[in-house]
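The values are calculated or read from the model by the stated rules, or taken from the named source; none is laboratory data. What you see is a predicted model, and the numbers here were worked out from it, not measured in a lab. Methodologically, a virtual Cβ is constructed for each residue, glycine included, from the backbone with ideal geometry; neighbour enumeration extends over all protein chains shown.
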Ligand SMILES: Nc1ncnc2c1ncn2[C@@H]1O[C@H](COP(=O)(O)OP(=O)(O)OP(=O)(O)O)[C@@H](O)[C@H]1O
Ligand SMILES: [Mg+2]
């Protein structure tokens, strides 16, 4: 909140920058706490519970996540192609959280001088959300592990958190009757694809 006030209400650019950083840090801390609470609830109760509603404007909600990330990571290029022409039954907050986690990872671990590409569309009765980044690939033998809770390689770049983000993404996709997969190579980049049933 303090960060937000500093960022919005100060004409001094230095203070505004400090405000923006505070805001980003607060957002990240709050996400970490939410993630740990999610894990605790999941472990106790078996899976993430959803609040499913019919969403007419999911495309706009996903664009909002992309816009927030553009603000949080100025100087980075994020291309988005979000095409969801029909109402979708889903938990809007959870779907936003899924995209936010994938996009945060792509911006943190992908090549900083290359664009990140976000696509979302409807295919075969599923909502498909994909995030692609260039950079160091995830080694083949680690690609199965990235969705485990608390897993992050010893060499993982600083700037990440506890190793919960992808586990929570997979739980969100699973709770929507779908799943998530990764492909990663030096030539093709790293692609996370989440598929969620929408009806
Ligand atoms: N897009 C990506 N490109 C390369 N490596 C990735 C990518 N996304 C995830 N990883 C690797 O997978 C690990 C696990 O990711 P995950 O999101 O679960 O946890 P985290 O980012 O380390 O922490 P948290 O998400 O809890 O803040 C990361 O530490 C990173 O090494
Ligand atoms: Mg993460």
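Before moving on, here are some points about what is shown:
- Restricting the range 73-90 to residues that are modelled with pLDDT of 95 or more and within 20 Å of residue 27 (Cβ to Cβ) leaves a set whose member that is farthest from ligand 2 (Cβ to nearest atom) is 80.
- Checked against (1) at pLDDT below 95; (2) surrounded by 20 or more Cβ atoms within 10 Å (Cβ to Cβ); (3) farther than 28 Å from residue 56 by Cβ, residue 110 passes all but condition (1).
- Considering residues of the range 14-32 that are farther than 12 Å from residue 71 by Cα and more than 16 Å from ligand 1 (Cβ to nearest atom) only, the residue surrounded by the fewest Cβ atoms within 10 Å (Cβ to Cβ): 14
- Selection from the range 152-179 of residues that are more than 30 Å from residue 124 (Cβ to Cβ) and within 11 Å of ligand 2 (Cβ to nearest atom): 152, 156, 157, 159, 160, 161, 162, 163
- Scanning the range 143-199 for residues that are more than 9 Å from ligand 1 (Cβ to nearest atom), more than 20 Å from residue 91 (Cα to Cα) and modelled with pLDDT under 90 yields 154, 158.
- Residue selected from the range 33-70 under the condition more than 14 Å from residue 93 (Cβ to Cβ) and touching a helix residue (DSSP H, G or I) at 6+ places or on another chain (Cβ under 8 Å), by the criterion surrounded by the fewest Cβ atoms within 10 Å (Cβ to Cβ): 47
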